[in-house]
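What follows draws every value from the coordinates through simple rules; no lab data is involved. From a predicted model like this one, the values you see are computed outputs, not experimental measurements. Note that we place each Cβ from the backbone using ideal geometry, even for glycine, and neighbour counts take in every protein chain shown.
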Amino acid sequence: PVILGIESSCDETSAAVYADGVMLSNIIANQTIHEAYGGVVPELASRVHQQNIIPAVQQAISNAKVSKNDIDAVAFTRGPGLLGSLLVGVSFAKAFALAQNLPLIEVNHMQAHILAHFIDEPKPTFPFLCLTVSGGHTQIVLVKDFFDMEVIGHTQDDAAGEAMDKTSKILGLPYPGGPLIDKHARLGNPKAYQFPEPQIPGYNFSFSGLKTSILYFIQKNEAATPGFVQNNLADICASVEHRIVTILLNKLSKAALDLGIKDIALAGGVSANTGLRQGLQELGAKHGWNTFIPRMEYCTDNAAMIAVAGYYKFLKNDFTDQHVAPLARMPF
Ligand code: ATP
Ligand code: MG
Ligand code: FE
């Protein structure tokens with residue numbers, strides 16, 4: 001089957017076409033309007049989705065070199081995400097399906113981040129563990145099958161991506177800060193400054209204490225030595241990134257060793273982070289794991305992952321109907 005995927009959960013408007021094992025196109029329209037506000041403004045995001053959705057879908061269909069009559073089903077992100085943003089993608093998917101007389105497939109955005117591993121080879125084998133780290137989520141997921149996933153650890157407060165973005169804001173860098181922390185960290189010493197590792201039970205995480213300690217550290221040093229941040233930016237970014245990465249990988253290792261699982265994957269926007277990618281590869285080499293890291297364009301929000309998730313639901317005849325509504329919160 002040929003699946004059209006639609007993603008609009010946050011601030012990327014994306015459309016992709018997937019046909020039996022091949023991703024034919026994946027168009028991602030980023031929204032730059034939020035930079036001026038230091039974070040995503042939900043009302044603006046939904047308006048920009050409205051402007052971008054039709055061009056993104058047209059481009060995805062034309063890049064795929066198919067006609068819209070070749071499409072067999074429409075898969076869309078039902079949630080979780082910003083309600084106004086989701087509404088644009090859900091409404092478009094329903095209208096397109098109605099006009100073309102196609103079945104609809106609802107997809108959970110967080111499951112789709114994980115199922116991005118089924119776009120390219122090599123694919124992980126079930127059961128595998130996936131560390132899903134994004135702007136809104138930090139989870140260790142035991143993936144037993146395509147749609148049988150169990151969250152065995154999660155953050156009690158901020159997500160890892162949020163910790164990156166909030167730290168970068170403290171450092172005076174623009175939004176979104178994650179990629180900038182990554183860039184500066186490459187030039188710095190990760191051991192220059194020691195930030196605390198929270199002691200959280202089980203496979204859970206906490207990042208709000210880290211954020212506060214970074215804030216106090218910066219305020220103290222900037223007061224004592226004006227220009228501290230500017231003069232030590234690379235070392236600060238490297239040290240912050242190092243701490244976030246070790247918090248993530250220590251819990252992931254613990255889960256992998258406890259459960260005896262050797263297929264270990266990363267997913268979500270923060271899996272674009274160079275330090276995290278390298279850290280997982282080193283850990284995998286040490287423990288003899290098969291590690292899986294998505295291609296960059298499949299880490300942050302994209303419709304390719306929605307299309308591939310939709311494809312596996314199509315094979316199970318798992319369809320939804322025209323009454324479906326978006327869900328801002330949507331557990332697995
Ligand atoms: P969710 O998937 O939880 O709904 P989201 O869709 O907003 O949240 P993603 O697009 O998956 O999140 O990821 C965005 C996050 O990834 C942002 O916090 C961003 O700073 C972070 N990020 C992206 N690239 C990098 C990088 N190279 N290093 C660190 N963080 C990064
Ligand atoms: Mg985004
Ligand atoms: Fe996401």
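Using θ = phi - 60° and the Karplus relation 6.51 cos²θ - 1.76 cosθ + 1.60, list the HN-Hα couplings for region 25-40 in order, rounded to whole Hz, with x at every Gly or Pro.
7, 7, 9, 10, 9, 7, 9, 8, 4, 6, 3, 5, 9, x, x, 6
Need one number: nm distance between label points at VAL324 and ASP148, each 7 Å from Cα along Cα→Cβ, rounded to one decimal.
2.2 nm
Nearest-5 percent of antiparallel DSSP beta bridges in the chain?
60 percent
Per residue, how big is the convex hull around the C-alpha atoms of region 208-262? Give it to me in cubic angstrom, could you?
Hull volume over Cα atoms, normalised by residue count, gives 72 Å³.
In this model, which of LYS123/LYS254; LYS183/LYS262; LYS251/LYS286 are farther than 19 Å apart at the alpha-carbon?
Over 19 Å Cα-Cα: LYS123/LYS254; LYS183/LYS262.
Compute the acute angle (0 to 90°) between the alpha-carbon long axis of helix 208-224 and the principal axis of greatest extent of the alpha-carbon atoms of the chain; round to the nearest 10°.
50 degrees
Report relative contact order for the chain in percent, whole number only (criteria: Cα-Cα under 8 Å, sequence separation at least 6).
Across the chain, relative contact order equals 25 percent.
Identify, among ALA159, ILE27, TYR216, the residue whose Cα sits farthest towards the positive end of the charge dipole of the chain, taking +1 on the Cβ of Lys and Arg and -1 on the Cβ of Asp and Glu, with the dipole about the Cα centre.
TYR216
Name the long-range amide H neighbours of ASN290: under 5 Å, sequence gap of 5 or more, or other chain; modelled H, no Pro or chain starts.
Here the answer is ASP263, ILE264, since their amide H atoms fall under 5 Å of that of ASN290.
In whole Hz, with x marking every Gly and Pro, tabulate ³J(HN,Hα) for region 267-281 from phi via Karplus 6.51 cos²θ - 1.76 cosθ + 1.60, θ = phi - 60°.
3J(HN,Hα) across region 267-281, in whole Hz: 8, x, x, 6, 6, 6, 5, 4, x, 5, 4, 5, x, 5, 4.
So if we plug the beta-carbon distance of LEU215 and GLN278 into 1/(1 + (r/R0)^6) with R0 = 30 Å, what FRET efficiency do we get, rounded to 0.05?
0.65
Report the relative contact order of region 90-204, percent, no decimals, based on alpha-carbon pairs under 8 angstrom and at least 6 residues apart.
Value for region 90-204: 16 percent.
What list of ³J(HN,Hα) couplings, whole Hz, do you get for region 81-94 from phi and the Karplus terms 6.51, -1.76, 1.60, once you set θ to phi - 60° and write x for glycine and proline?
x, 7, 4, x, 5, 4, 4, 5, x, 5, 5, 5, 4, 5
For ASN69 and ILE54 in one chain, what is 0.36 nm times their gap in residues minus the Cα-Cα distance, to one decimal in nm?
Length difference between fully extended and current span is 3.8 nm.
Determine the gain in length on full extension of the stretch ASN231-LYS316; use 0.36 nm per residue of separation and subtract their C-alpha separation, reporting nm with one decimal.
So the chain would gain 25.0 nm between ASN231 and LYS316.
Would you kindly state how much longer the chain becomes between GLU35 and LYS286 on full extension, computed as 0.36 nm times their sequence separation minus their alpha carbon distance, in nm to one decimal?
86.4 nm
With Rg and the Kirkwood Rh both taken from Cα atoms, where does Rg over Rh land for the chain?
Computed over Cα atoms, the ratio is 0.99.
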